[in-house]
Structures are given as structure tokens and as C-alpha cells.
Amino acid sequence: MKHSRSMSQKLTMEEIRENVVIIKINKSFRDGMSETELYDVTRGCWKRKFASTR
């Protein structure tokens, strides 16, 4: 998925129209990572406990 914003620009709540999950990878991110490297770093940070929105 391509993004039209730079990574430093923040979305407002009104702009988010789909369900989203935010995963912080912090210091594991580096410029130039391949999609596979980014996926591997991200999946290592996944938490599986989600709060119910019902």
C-alpha cells in the first residue's frame, strides 16, 4: 500500500475510515528496509491481546 503522506505527518481521527492496528517497531526500523525485512520486524512486535470495541 502506498501512502500519500510522509511518515512524520499525523492522521486525525476523522481521516481514519477503516479499522486499523498500530504496531510500533521503534528502533528496529531503518530506511531502505525491504518489505520482507519490515514484515519480519513487525511480526516480532505483534501483541495478540486486543480490547473489544463492542
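For the stretch 10-32, how many residues meet the condition of being part of a loop (DSSP other than H, G, I, E, B) and either at pLDDT 90 or above or open to solvent by 70 Å² or more (accessible area, probe 1.4 Å) (or both)?
Here the count works out to 13.
When the stretch 33-51 is examined, which residues are found to be at pLDDT below 85 and open to solvent by less than 100 Å² (accessible area, probe 1.4 Å)?
Passing the criteria: G44, C45, A51.
Looking at the stretch 1-22, I want the residues that are under 22 Å from G44 (Cβ atoms) and have a partner that is at pLDDT 85 or above and open to solvent by 100 Å² or more (accessible area, probe 1.4 Å) with Cβ atoms under 9 Å, at least 6 apart or on another chain. Which pairs are those?
none
The values are calculated or read from the model by the stated rules, or taken from the named source; none is laboratory data. Computed from a predicted structure; not experimentally measured. Quick reminder, even Gly has a Cβ in these numbers, built from the backbone with ideal geometry, and neighbours come from all protein chains shown. Only protein heavy atoms, including side chains, enter the accessible area calculation; ligands, DNA and RNA are left aside. Shrake-Rupley method; radii C 1.70, N 1.55, O 1.52, S 1.80 Å.
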